[in-house]
Amino acid sequence: MGHIQITPSILNADLANLAGEVARIGSADWVHVDVMDNHFVPNLTLGLPVVESLAKSTALPMDAHLMIADPDRWAPAYAEAGCGSVTFHVEAAAAPVRLAREIRAQGARASMALKPATPIEPYEDLLAELDMLLIMTVEPGFGGQKFLDLCLPKIRRARALMDKHGVETWLQVDGGVSLETIERCAEAGADVFVAGSAVYSAADPDRMVAELKAKAEAASAR
Ligand SMILES: O=C(CO)[C@@H](O)[C@H](O)COP(=O)(O)O
Ligand SMILES: [Fe+2]
């Protein structure tokens with residue numbers, strides 16, 4: 001298991017002031033950027049030119065979460081645009097192994113996401129190709145949704161498969177992560193935590209990042 005990392009999602013931040021919003025989370029490990037295309041998910045956010053500008057405007061590494069159709073076409077470009085980690089959805093990818101290799105070849109960490117109803121078991125042999133596995137804990141598309149406890153057994157099974165194969169793959173959770181739910185995720189074996197509304201609805205977002213991290217660290221040590 002990697003060390004505990006917090007990657008705030010800017011989805012519910014002030015999108016007219018992205019650089020300023022990212023400056024409010026200086027102690028975060030990554031900035032999580034949700035790219036939605038209104039095809040793979042019923043929502044539209046931002047795309048490559050905005051991500052490229054944002055990557056230049058902050059010292060924090062960018063964690064791009066691509067909720068788009070045809071990631072095979074687009075994901076390597078996000079790595080080229082300066083994202084340190086690029087996540088594609090396996091439900092949308094035509095050739096996930098080739099895509100993960102292309103992302104790595106561009107110098108970024110390759111990550112694959114699973115929606116709540118997508119099982120991990122068919123992808124067991126892909127884990128070594130991935131730097132991170134993202135287990136969604138809400139249906140992708142919107143911030144501020146309620147955490148789905150039904151995803152916890154999958155997090156445990158994914159962690160067990162990673163241990164079995166001895167891989168260094170990080171295990172990220174995304175959706176409804178808060179001070180109330182983060183311990184459950186950490187106890188189940190997650191080590192990278194996306195938090196959107198929990199961070200940006202807090203009076204002091206950077207302090208919330210620290211509080212989330214402390215809770216996850218304590219829970220993962222148990
Ligand atoms: O990918 C997504 C939603 O599809 C997430 O990154 C959310 O945007 C996180 O927001 P909260 O659920 O933490 O409010
Ligand atoms: Fe996300």
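The values are calculated or read from the model by the stated rules, or taken from the named source; none is laboratory data. In this text the structure is predicted, and so the values were computed from the model without any measurement. Please note: Cβ atoms are built from the backbone with ideal geometry, for glycine as well, and neighbour counts cover all protein chains shown. The protein model used for the area step is the full one, side chains on, heavy atoms only, and it has no ligands, DNA or RNA in it. Shrake-Rupley method; radii C 1.70, N 1.55, O 1.52, S 1.80 Å.
A few notes on this one:
- Inclusion of T118 among residues that are open to solvent by less than 60 Å² (accessible area, probe 1.4 Å), within 26 Å of I10 (Cα to Cα), touching a Gly at 6+ places or on another chain (Cβ under 9 Å) and polar (S, T, N, Q) is not warranted.
- In the stretch 158-178, the residues that are more than 15 Å from ligand 1 (Cβ to nearest atom) form Cβ pairs under 8 Å with partners that are of a type in the set (V, I, T) and part of a strand (DSSP E or B), at six or more places apart or across chains, as follows: A158/I135; W170/V192; L171/I135; L171/V192.
- Check on G2, modelled with pLDDT under 95, within 30 Å of K215 (Cβ to Cβ) and open to solvent by 20 Å² or more (accessible area, probe 1.4 Å): yes
- Breaking point among (1) more than 15 Å from ligand 1 (Cβ to nearest atom); (2) closer than 25 Å to E168 by Cα, for E91: (1)
- When we screen A13, A59, A94, A81 for residues that are of a type in the set (G, A, S) and in contact with a Phe, Trp or Tyr (Cβ under 6 Å, 6 or more places away or on another chain), the only hit is A13.
- Being over 21 Å from R104 (Cα atoms) and more than 16 Å from ligand 1 (Cβ to nearest atom) is a condition met by no residue of the stretch 66-81.
- Counting the residues of the stretch 205-222 that are among the charged types (D, E, K, R) and farther than 9 Å from A186 by Cβ gives 4.
- Where helices (runs of 4 or more DSSP H) fall wholly inside the stretch 118-222, the ranges with 1 or more residues that are over 19 Å from H89 (Cβ atoms) and within 16 Å of ligand 2 (Cβ to nearest atom) are 182-188, 197-200, 205-221.
- Looking across the stretch 37-50 at every residue that is touching a residue at least 12 places away in the same chain (Cβ under 8 Å), among the aliphatic types (A, V, I, L, M) and over 19 Å from V199 (Cβ atoms), the one that is nearest to ligand 1 (Cβ to nearest atom) is identified as V41.
- Members of the stretch 58-91 that are of a type in the set (A, V, I, L, M, F, W, C) and surrounded by 23 or more Cβ atoms within 10 Å (Cβ to Cβ): M62, A64, L66, M67, A75, C83, V86, F88
- The residues of the stretch 9-35 that are in contact (Cβ under 8 Å) with a residue 60 or more places away in the chain, open to solvent by less than 20 Å² (accessible area, probe 1.4 Å) and in contact with a Gly (Cβ under 7 Å, 6 or more places away or on another chain) amount to a single one, S9.
- Filtered by the rule that a residue be more than 21 Å from L171 (Cα to Cα) and surrounded by fewer than 17 Cβ atoms within 10 Å (Cβ to Cβ), the stretch 202-222 gives A203, D204, D206, R207.
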